[in-house]
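Below is one structure, written out as structure tokens; comments come after it.
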Amino acid sequence: MTMAQAIDAFVADGASVALGTGLEPLIPFAAGHELIRQRRQDLELVGPISDSLFDELIGAGCVRRITAAWVGNVSEGLGHCYRRSAEQGVPRSIEIHDHTNFSISMALWAAAWNVPYLPARTLLGSDILGTNPNIREVDGLVHISAVRPDVTILHVQRCDAQGRAHAWGPLGISEEAGLAAERVIIACEELVDAAVTLSDPNRIVLPETKVVAVVHEPGGAHPSPVQGFWKRDHVLDNAYAAESRTREGYEAWLKRWVLDVPDRQAYMTMVDVDSIRITGNRPSEPVNFADE
């Protein structure tokens, strides 16, 4: 299945979509760009950090609500499209449900465990209690309401056709986001035989029963890093930050890098892949899973 087919089949207008759950690495930019090309509207974006992907989707007018800990650009800090939308309603106003990285994780765990909320002491004394209607103080505890995405989209290093995915390096809140969601789309650098994933069952991120689509998408997380495959592309991050500082600059960037690009394969021909490709080799120590 291609990314275009997966988005068309499983992400509707108005959907709640978890993206960028690996914090800084493994951000599914290819999926986000396809959401823009298919002109998805009224999306709720759920995540912790998200790199610049949320900013790009906001600038394209795809977003009605942000449920996240941070929106910006990892290399440069500020997300200009996010700020224009929040302060000026350009290209449209958005609703913002603030979280911390920890509280959004708890909200997703609540959904994964099928409970209405989880209690905690985190956020006591924080302004977030006054800005997020789904977080409230009750008898000295903070009740963090469940957040259940319609779809979680993950990028991983490898996956088999049945949806058994292996990922390594920082995973952030990918497990809870996948378990909380109604369905999961997985993009992978390598599509491998089931024998590969089953040889290391402890590394499988999610039950394959949650996965509705597997997309072989090399470079699908660019410009974010993918451990063992790609370094962060700071050059592109910095260029996006500079161009998106104005609405006109953002629209020119969007046309060049998203709207005029048919798919990720074509996109990667525009990237200086030699400057960001991981060429070193540092494998982990094998484990013995024998039981007799």
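Values computed for the structure shown
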quantity: At most 10 other Cβ within 10 Å, DSSP loop - trypsin sites (Lys or Arg not before Pro), the stretch 119-201; calculated: R121
quantity: I96 versus T131: modelled label distance in nm, points set 7 Å from Cα along the beta carbon direction; calculated: 0.5
quantity: DSSP-defined antiparallel bridges as percent of all bridges, the chain, nearest 5; calculated: 35
quantity: Computed lengthening from F289 to A9, 0.36 nm per intervening residue step minus Cα-Cα distance; calculated: 97.0 nm
quantity: GNM top mover of S275, S174, S16 - the chain, alpha-carbon springs below 10 Å; calculated: S275
quantity: Percent antiparallel among DSSP beta bridges (both partners in the stretch 2-122, rounded to 5); calculated: 15
quantity: Highest-MSF residue in the chain out of I128, I58, I49 [GNM, Cα springs under 10 Å]; calculated: I128
quantity: Relative contact order computed over the stretch 63-120 (Cα-Cα under 8 Å; 6+ residues apart), in percent; calculated: 36
quantity: Residue-by-residue Karplus 3J(HN,Hα) for the stretch 271-280, coefficients 6.51, -1.76, 1.60, Hz, glycine and proline x; calculated: 9, 7, 5, 5, 7, 10, 6, 6, 10, x
quantity: Estimated 222 nm signal from helices in the chain, with DSSP H stretches of n ≥ 4 weighted -39500 (n - 2.57), rounded to 500; calculated: -7500 deg cm²/dmol
quantity: R0 of 35 Å, Cβ-Cβ distance V115-I278: FRET efficiency to nearest 0.05; calculated: 0.30
quantity: Inverse mean reciprocal Cα-Cα distance (Kirkwood Rh) of the chain, Å; calculated: 19.4
quantity: GNM flexibility winner over the chain from N202, N132, N114 (Cα, springs under 10 Å); calculated: N202
quantity: The stretch 1-90: equivalent-ellipsoid semi-axes (sqrt of 5 x gyration tensor eigenvalues, Cα, Å); calculated: 20, 15, 11
quantity: Calculated from backbone phi, Karplus (6.51, -1.76, 1.60) coupling profile of the stretch 148-159 in Hz, x at Gly/Pro; calculated: 10, x, 5, 9, 10, 10, 10, 10, 9, 6, 8, 7
quantity: Solution diffusion estimate, µm²/s, Stokes-Einstein, the stretch 97-234, Kirkwood Rh from C-alpha pairs, 20 °C, viscosity 1.002 mPa s; calculated: 132
quantity: Separation of alpha-carbon centers, the stretch 9-72 and the stretch 77-91, rounded to whole Å; calculated: 15
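Bear in mind these aren't lab numbers, they're just calculated from the coordinates by the rules spelled out. Note that the structure is predicted; figures quoted are calculated from it, not measured. So basically every Cβ, Gly included, is an ideal-geometry build from the backbone, and we count neighbours across all protein chains shown.
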